[in-house]
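Enquirer: Got a structure for you, written out below as C-alpha coordinates; questions coming shortly.
The values are calculated or read from the model by the stated rules, or taken from the named source; none is laboratory data. Because the structure is predicted, anything quoted here is derived from the model rather than measured. Note that each Cβ is placed from the backbone with ideal geometry, even for glycine, and that neighbours are counted across all protein chains shown.
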(Lines give C-alpha, C1' and ligand atoms only; values in the text may rest on other atoms or scores of the structure.)
Protein backbone atom coordinates (compact mmCIF):
# COMPACT_ATOMS: atom_id res chain seq x y z
CA UNK A 1 0.00 0.00 0.00
CA UNK A 2 1.16 3.52 -0.82
CA UNK A 3 -0.14 6.63 0.93
CA UNK A 4 -1.09 9.09 -1.81
CA UNK A 5 -2.29 12.06 0.23
CA UNK A 6 -5.92 11.00 -0.18
CA UNK A 7 -5.66 7.64 1.53
CA UNK A 8 -3.89 4.49 0.48
CA UNK A 9 -3.53 2.97 -2.97
CA UNK A 10 -2.67 -0.64 -3.69
CA UNK A 11 0.64 -0.93 -5.50
CA UNK A 12 1.87 -3.92 -7.47
CA UNK A 13 5.25 -4.37 -9.11
CA UNK A 14 5.61 -4.57 -12.87
CA UNK A 15 7.21 -8.00 -12.39
CA UNK A 16 4.05 -9.17 -10.58
CA UNK A 17 1.70 -7.71 -13.19
CA UNK A 18 3.64 -8.96 -16.23
CA UNK A 19 5.69 -12.02 -15.18
CA UNK A 20 5.83 -13.58 -18.67
CA UNK A 21 6.02 -10.51 -20.90
CA UNK A 22 8.86 -11.01 -23.39
CA UNK A 23 8.25 -8.51 -26.18
CA UNK A 24 8.38 -5.17 -24.36
CA UNK A 25 10.34 -2.62 -26.41
CA UNK A 26 9.46 0.67 -24.66
CA UNK A 27 8.63 1.33 -21.01
CA UNK A 28 7.28 4.83 -20.33
CA UNK A 29 7.03 5.83 -16.69
CA UNK A 30 4.91 8.86 -15.82
CA UNK A 31 4.23 8.23 -12.18
CA UNK A 32 5.15 11.47 -10.42
CA UNK A 33 8.08 10.59 -8.20
CA UNK A 34 7.72 6.80 -8.02
CA UNK A 35 9.99 6.00 -10.98
CA UNK A 36 12.76 4.58 -8.79
CA UNK A 37 10.31 2.27 -7.00
CA UNK A 38 8.88 1.16 -10.35
CA UNK A 39 12.34 0.18 -11.61
CA UNK A 40 13.05 -1.68 -8.38
CA UNK A 41 9.90 -3.72 -8.98
CA UNK A 42 10.72 -4.44 -12.63
CA UNK A 43 14.10 -6.17 -12.45
CA UNK A 44 12.89 -9.38 -14.13
CA UNK A 45 10.99 -7.49 -16.81
CA UNK A 46 14.03 -5.34 -17.60
CA UNK A 47 16.45 -8.26 -17.59
CA UNK A 48 14.42 -10.24 -20.13
CA UNK A 49 13.30 -7.37 -22.37
CA UNK A 50 15.84 -4.53 -22.11
CA UNK A 51 13.32 -1.94 -23.28
CA UNK A 52 13.93 1.70 -24.02
CA UNK A 53 12.96 3.45 -20.78
CA UNK A 54 11.42 6.90 -20.93
CA UNK A 55 10.95 8.69 -17.62
CA UNK A 56 10.78 12.21 -16.27
CA UNK A 57 12.61 12.68 -13.00
CA UNK A 58 12.22 15.89 -11.05
CA UNK A 59 15.74 16.40 -9.75
CA UNK A 60 19.34 15.38 -10.29
CA UNK A 61 19.53 13.10 -7.24
CA UNK A 62 16.52 11.05 -8.41
CA UNK A 63 17.99 10.89 -11.91
CA UNK A 64 21.33 9.58 -10.61
CA UNK A 65 19.61 6.96 -8.45
CA UNK A 66 17.45 5.92 -11.42
CA UNK A 67 20.48 5.75 -13.71
CA UNK A 68 22.36 3.51 -11.27
CA UNK A 69 19.35 1.19 -10.96
CA UNK A 70 18.95 0.70 -14.72
CA UNK A 71 22.70 0.39 -15.41
CA UNK A 72 22.74 -3.45 -15.32
CA UNK A 73 20.22 -3.54 -18.18
CA UNK A 74 21.39 -0.50 -20.10
CA UNK A 75 22.41 -1.02 -23.70
CA UNK A 76 22.48 2.68 -24.55
CA UNK A 77 23.52 5.93 -22.96
CA UNK A 78 21.30 7.71 -20.44
CA UNK A 79 20.96 11.44 -20.55
CA UNK A 80 19.03 14.49 -19.60
CA UNK A 81 17.16 17.14 -21.44
CA UNK A 82 16.34 20.63 -20.36
CA UNK A 83 12.82 21.95 -20.70
CA UNK A 84 12.16 24.29 -23.58
CA UNK A 85 10.41 27.59 -22.88
CA UNK A 86 6.71 27.44 -23.64
CA UNK A 87 5.59 29.49 -26.62
CA UNK A 88 3.63 32.57 -25.70
CA UNK A 89 1.88 32.95 -29.04
CA UNK A 90 -1.68 31.79 -29.46
CA UNK A 91 -0.45 28.86 -31.59
CA UNK A 92 0.58 26.50 -28.79
CA UNK A 93 -1.76 23.51 -28.26
CA UNK A 94 -2.11 24.38 -24.57
CA UNK A 95 -3.39 27.82 -25.53
CA UNK A 96 -6.40 26.43 -27.44
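Enquirer: Check whether at least one residue in region 5-14 is more than 14 Å from residue 66 (Cα to Cα), over 12 Å from the mean Cα position of the chain (by Cα) and in a helix (DSSP H, G or I), and report yes or no.
Expert: So far as region 5-14 goes, no, none of its residues is more than 14 Å from residue 66 (Cα to Cα), over 12 Å from the mean Cα position of the chain (by Cα) and in a helix (DSSP H, G or I).
Enquirer: If I go through region 15-31 residue by residue, how many of them are part of a loop (DSSP other than H, G, I, E, B) and surrounded by 10 or more Cβ atoms within 10 Å (Cβ to Cβ)?
Expert: Of the residues in that region, 5 qualify.
Enquirer: Quick check on this structure: which one of 41, 79, 33 is at pLDDT below 90 and closer than 19 Å to residue 11 by Cβ?
Expert: Just one listed residue meets the conditions, 33.
Enquirer: What pairs come up if the first residue lies in region 34-55 and is on the phi > 0 side of the Ramachandran plot and assigned to a loop (DSSP other than H, G, I, E, B), the second is surrounded by 14 or more Cβ atoms within 10 Å (Cβ to Cβ) and modelled with pLDDT under 90, and their beta carbons are under 8 Å apart, counting only those six or more places apart or on different chains?
Expert: Going by the 8 Å Cβ cut-off, the qualifying pairs are 50/73.
Enquirer: Any idea which of (1) surrounded by 15 or more Cβ atoms within 10 Å (Cβ to Cβ); (2) modelled with pLDDT under 80 is the one residue 53 doesn't satisfy?
Expert: (2)
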